[in-house]
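Single-structure report; data block below.
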Amino acid sequence: MKLLIKGGQVIDPANDINEIRDVLIEDGLVKAVEAGLSISDGEILEAQGKLVCPGFIDMHVHLREPGFEYKEDIASGTRAAAAGGFTTVCCMPNTSPVIDNAAVASFVRERAQRAGVVNVHPIGAISKNQEGKELAEIAELVAAGCIAISDDGKSVEKSNIMRNALDYARMFDIPVLSHCEEPSLSRGGLMHEGFYSTIYGLKGIPAEAEEVMVARDILLARLTGARLHICHISTAGAVEMVRQAKAEGVLITCEATPHHLLLTDELLGSYNTDAKVNPPLRSQEHVDALIEGLNDGTIDCIATDHAPHHLESKDCEFELAANGISGLETAIPALMSLVAEGRISLTHMIELFTIGPAGILSLDRGTLSPGSVADLTIIDPEMVKSVDTKKFYSRGKNTPFKEREFKGWPHATIVAGRQVALKGTIMQGEMK
Ligand code: DOR
Ligand code: ZN
């Protein structure tokens, strides 16, 4: 089975390619990336004016299955991923039951095999039931296919547990993905602590709640020699600490989310629960520091922290509303707007969605090298459209980008040589 993608602007940062070429796919693998290719049998996808990239990877999503299928499940979440231009997602373990043993990890992988339309890698828990008391069976989780461990949703409060987790992770050569939040500083907080929290009268979460934990985890990463990855970094101080730790040779990486890169705490003035997220949207100086961190290599990748919620969890008093933003179907247009503003270059943005996460997780993806699995994301840079949550494949309609107009949307998503989405619509043949 052959597929020829013709005439697109091929941007493959892993191979330093940025020019008009054709991509030939044969039996699910990239066969050639050259100009002037033709085929006598098979399918042709015209890509003139489109950006042809390695498949985008989102290393931080919540698929909610098992346990919270009313918010999302593997079928709906992977469709949202494909429609949003992602070919691989890694799902966090804060499900019910928690992914803290081989049985749950295997369940997720099997469901993804049967119902998923993109690649899914489960992330195992650090501690049993994510309670922070006792380490999960990390060897068992790795054997069952978990590519990292995390207690995302909250911090590992006890430093000795975090130390032991890092030690184990090092043995298996997997990263520990750390949600950095000192709970005694953040407890009861509803938004970023600063000028706007005072004006709006909402209890704040100081930047230091994140920074105290980033500092601790850097010390523990240095102590253990393990690979530490900071989830959803959101403050200037945290970025600076990661920058310095990298310079010292600590094995540290970090991710930033589209919402922390585009939005500020001023937005909370409308008490819009769709903008309530943890860590909270910060002030402009923090956003500027994140952009600087993206551009100087301190921040290694962009991840959505896709956190779908049911309407009832958001359609309530601000204080009671759940934290989280449904992010898979707006990430590419959101980042394309930063490219248009000149805040980040197009090629670097593509790096942050491809070789960035692939490197952190040692995935054999993120490149169009001949012989690699043909996962591709094709973007239409000219397409102008408003965010329409009614058309979301995700069950979570909770996004502060609702109705916002963006230019630059996913055009096609190809997984192992098969087209799974076109112009934001899942291909019928892929409905399982
Ligand atoms: O906003 C968030 N939502 N932050 C988290 O850390 C967890 C996530 C969720 O699972 O809903
Ligand atoms: Zn998360």
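Below is a table of values for the structure above.
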{"item": "Selection status of H192, in contact (Cβ under 8 Å) with a residue 12 or more places away in the chain and within 16 Å of ligand 2 (Cβ to nearest atom)", "result": "no"}
{"item": "Set L281, L262: member being out of contact with any Pro (no Cβ under 7 Å at 6 or more places or on another chain), at pLDDT 95 or above and more than 15 Å from ligand 1 (Cβ to nearest atom)", "result": "L262"}
{"item": "Restricting region 81-117 to residues that are within 15 Å of ligand 2 (Cβ to nearest atom) and out of contact with any strand residue (DSSP E or B) (no Cβ under 7 Å at 6 or more places or on another chain), the residue that is farthest from F392 (Cα to Cα)", "result": "V98"}
{"item": "Whichever residue in region 325-341 is out of contact with any Pro (no Cβ under 7 Å at 6 or more places or on another chain) and of a type in the set (G, A, S) and, among such residues, is nearest to ligand 1 (Cβ to nearest atom)", "result": "S337"}
{"item": "Number of positions in region 210-226 that are in contact (Cβ under 8 Å) with a residue 60 or more places away in the chain and crowded, with 19+ Cβ neighbours inside 10 Å", "result": "4"}
{"item": "Candidate set: region 295-333, residues that are under 30 Å from K246 (Cα atoms) and of a type in the set (D, E, K, R); chosen: the one nearest to ligand 2 (Cβ to nearest atom)", "result": "D305"}
{"item": "Test: residue in region 134-144 that is without any contact (Cβ under 8 Å) to a residue 40 or more places away in the chain, within 23 Å of the chain's Cα centre (by Cα) and part of a loop (DSSP other than H, G, I, E, B)", "result": "no"}
{"item": "Test: residue in region 101-114 that is surrounded by fewer than 20 Cβ atoms within 10 Å (Cβ to Cβ) and within 16 Å of ligand 1 (Cβ to nearest atom)", "result": "no"}
{"item": "Extreme residue, surrounded by the fewest Cβ atoms within 10 Å (Cβ to Cβ), among residues of region 251-284 that are in contact with a helix residue (DSSP H, G or I) (Cβ under 6 Å, 6 or more places away or on another chain) and among the acidic types (D, E)", "result": "E266"}
{"item": "Flag if E255 is touching a residue at least 60 places away in the same chain (Cβ under 8 Å), within 16 Å of ligand 2 (Cβ to nearest atom) and of a type in the set (D, E, K, R)", "result": "yes"}
{"item": "Neighbours by Cβ (under 9 Å, 6+ apart or cross-chain): first from region 25-41, farther than 21 Å from V118 by Cα; second among the small types (G, A, S)", "result": "V33/S369"}
{"item": "Among (1) touching a Ser or Thr at 6+ places or on another chain (Cβ under 8 Å); (2) under 22 Å from H60 (Cα atoms); (3) surrounded by fewer than 24 Cβ atoms within 10 Å (Cβ to Cβ) - the single one S362 does not satisfy", "result": "(1)"}
{"item": "Residues being away from ligand 2 (no atom under 13 Å from the Cβ), hydrophobic (A, V, I, L, M, F, W, C) and touching a helix residue (DSSP H, G or I) at 6+ places or on another chain (Cβ under 9 Å) - total across region 44-80", "result": "6"}
{"item": "Test: N295 is under 26 Å from E65 (Cβ atoms), among the polar types (S, T, N, Q) and touching a helix residue (DSSP H, G or I) at 6+ places or on another chain (Cβ under 9 Å)", "result": "no"}
{"item": "Neighbours by Cβ (under 7 Å, 6+ apart or cross-chain): first from region 73-93, surrounded by fewer than 24 Cβ atoms within 10 Å (Cβ to Cβ); second among the hydroxyl-bearing types (S, T, Y)", "result": "S76/Y393; S76/S394"}
{"item": "Condition check for S96: among the hydroxyl-bearing types (S, T, Y), more than 20 Å from the chain's Cα centre (by Cα), in a loop (DSSP other than H, G, I, E, B) and surrounded by fewer than 19 Cβ atoms within 10 Å (Cβ to Cβ)", "result": "yes"}
{"item": "Residue list for region 288-315, filter: within 15 Å of ligand 1 (Cβ to nearest atom) and in a loop (DSSP other than H, G, I, E, B)", "result": "A303, T304, D305, A307, P308, H309, H310"}
{"item": "Residues being within 15 Å of K314 (Cβ to Cβ), assigned to a helix (DSSP H, G or I) and of a type outside the set (V, I, T) - total across region 268-285", "result": "4"}
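Okay, residues lined up against (1) in contact with a strand residue (DSSP E or B) (Cβ under 7 Å, 6 or more places away or on another chain); (2) within 19 Å of I302 (Cα to Cα); (3) among the hydrophobic types (A, V, I, L, M, F, W, C):
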{"site": "D173", "(1), (2), (3)": "no, no, no"}
{"site": "S178", "(1), (2), (3)": "yes, yes, no"}
{"site": "P183", "(1), (2), (3)": "no, no, no"}
{"site": "R187", "(1), (2), (3)": "no, no, no"}
{"site": "Y196", "(1), (2), (3)": "no, no, no"}
{"site": "I205", "(1), (2), (3)": "yes, no, yes"}
{"site": "A209", "(1), (2), (3)": "no, no, yes"}
{"site": "I218", "(1), (2), (3)": "yes, no, yes"}
{"site": "I230", "(1), (2), (3)": "yes, yes, yes"}
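The values are calculated or read from the model by the stated rules, or taken from the named source; none is laboratory data. Owing to the predicted nature of the structure, the values given are computational and were not obtained by experimental measurement. We place every Cβ from the backbone using ideal geometry, glycine too, and count neighbours over all the protein chains shown.
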